[in-house]
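Where a number appears in this text, it was derived from the coordinates with a stated rule and is not lab data. Just so it is clear, the structure is predicted and the values come from calculations on it, not from any experiment. Neighbour counts run over all protein chains shown; Cβ positions are idealised from the backbone, glycine included.
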Amino acid sequence: MSKSIESTQQDIAHLQLMWLREQGELVRLSKENDQSNEDVNMLKKKISILSQKKIRIESMSQQHSN
């Protein structure tokens, strides 16, 4: 009986350690995901700004050619 309890306690300790590792991995991946989302949003803003700039330049080019 005591060997069974000891074995179960070892299993619990091992599972707790695995759970902690997985929680750490979850936190790391969540931070990575947040950073990726921030990067995507920044790139979307840059695309918008560059698209507007392109439109202005094309418009000015057309005005000068007319």
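Annotation for S7 and E58: the two label points, set 7 Å from Cα along the Cα-Cβ direction, are 7.3 nm apart. Between helix 2-65 and the chain there is an angle of about 0 degrees, using the helix long axis and the longest principal axis of the Cα atoms.
Got a sec? Charge dipole of the chain, +1 on Cβ for Lys and Arg, -1 for Asp and Glu; which of I47, L20, T8 is way out at the positive end? Checking the options against the dipole of the chain, the answer is I47.
Secondary-structure-derived ellipticity at 222 nm for the chain, considering helices only, amounts to -37000 deg cm²/dmol, per-run term -39500 (n - 2.57) for DSSP H runs with n ≥ 4. Between V27 and S51, the simple spin-label model (points 7 angstrom out along Cα→Cβ) gives 3.9 nm. Pairwise Cα separations in the chain fall into 5 Å bins from 0 onward with the following percentages, short to long: 4, 14, 8, 10, 8, 7, 8, 6, 7, 5, 5, 4, 4, 3, 3, 2, 2, 1, 1, 0.
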